[in-house]
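A quick write-up on the structure given underneath.
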Amino acid sequence: MKKSLQAKDYAALGAFRHAMRKLVRFSKEVVATRAKLTTEQYDALLAIKGSSGANGVTVGEISEQLQVKHHTAVSLLDRLEARKLATRKRATADKRNVNVQLTKAGASLLARLAAIHHRELQQRTPEIIDALRRLRE
């Protein structure tokens, strides 16, 4: 049996989405002004750093992490490679796979941006957790 949503449920959904919009707006401003990146490019850098093993991460894994189509991930990587923030190499074991790694410049830029985002998330965590708690009620 479906439970009908009450006014408090709509308010909780709105509060959560509002908190997330503020975080996304903050992120867009930071990556645009400090790094001339899009949030999608920043997300790709995070996906590379957060998922890469010894040989890097595949384009398919980046596509999955970002929840975008393969060609969209390729386009993002083209722009990151043009800025010398990431590199691609054919896998030695399976030539169908392309491994992606951050360059030193990419790792350095990501470290600076991630530190700013980490501080911002620490400040916004209470608001986000409160919104999530309200959704569980």
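The values are calculated or read from the model by the stated rules, or taken from the named source; none is laboratory data. Please read all numbers here as calculations on a predicted model, not as lab measurements. Don't worry about glycine lacking a Cβ; one is built from the backbone with ideal geometry, like all the others, and counts go over all protein chains shown.
Could you grab me the full set of residues in region 84-98 that are in a strand (DSSP E or B), among the aliphatic types (A, V, I, L, M) and under 18 Å from Leu46 (Cβ atoms)? Hit for region 84-98 is Ala86, nothing else. Do the conditions hold for Leu5, that is, is it surrounded by fewer than 17 Cβ atoms within 10 Å (Cβ to Cβ) and either in a helix (DSSP H, G or I) or of a type in the set (A, V, I, L, M, F, W, C) (or both)? For Leu5, the condition - surrounded by fewer than 17 Cβ atoms within 10 Å (Cβ to Cβ) and either in a helix (DSSP H, G or I) or of a type in the set (A, V, I, L, M, F, W, C) (or both) - is met. Entry remark, region 1-48: residues being touching a strand residue (DSSP E or B) at 6+ places or on another chain (Cβ under 8 Å) and within 18 Å of Glu120 (Cβ to Cβ) number 1 in total. For the structure I just gave you, tell me whether Ala19 is closer than 22 Å to Ile116 by Cα and of a type outside the set (Ser, Thr, Tyr). Criteria met by Ala19. Among the residues here, Ala12 qualifies as at pLDDT below 95 and either more than 22 Å from Thr103 (Cβ to Cβ) or assigned to a helix (DSSP H, G or I) (or both). Of all the residues in region 32-56, those that are surrounded by 12 or more Cβ atoms within 10 Å (Cβ to Cβ), of a type outside the set (S, T, N, Q) and not in a helix (DSSP H, G or I) number 2. When Glu29, Glu81, Glu120, Glu61 are screened for being modelled with pLDDT under 95 and either closer than 30 Å to Ala7 by Cβ or part of a helix (DSSP H, G or I) (or both), only Glu61 passes.
The single residue among Thr38, Thr72 that is more than 16 Å from Leu109 (Cβ to Cβ), free of Cβ contacts under 8 Å to residues at least 60 places away in the same chain and of a type outside the set (A, V, I, L, M, F, W, C) turns out to be Thr72. Restricting attention to region 1-59, which residues are of a type in the set (Val, Ile, Thr) and closer than 12 Å to Leu80 by Cβ? Answer for region 1-59, where residues must be of a type in the set (Val, Ile, Thr) and closer than 12 Å to Leu80 by Cβ: Thr38, Ile48, Val59. If only residues of region 122-137 that are free of Cβ contacts under 8 Å to residues at least 24 places away in the same chain and over 19 Å from the mean Cα position of the chain (by Cα) are counted, the one that is surrounded by the fewest Cβ atoms within 10 Å (Cβ to Cβ) is Arg136.
Residue pairs whose Cβ atoms lie under 7 Å apart, sitting 6 or more positions apart in sequence or on different chains, and linking a residue in region 92-110 that is without any contact (Cβ under 8 Å) to a residue 60 or more places away in the chain to a partner that is polar (S, T, N, Q) and surrounded by 15 or more Cβ atoms within 10 Å (Cβ to Cβ), are Asn97/Thr58; Val98/Thr58; Asn99/Thr58; Gln101/Ser52; Gln101/Thr87; Thr103/Thr87. When the residues of region 91-121 are filtered to those that are within 13 Å of Val57 (Cβ to Cβ) and among the aliphatic types (A, V, I, L, M), the one that is surrounded by the most Cβ atoms within 10 Å (Cβ to Cβ) is Val100.
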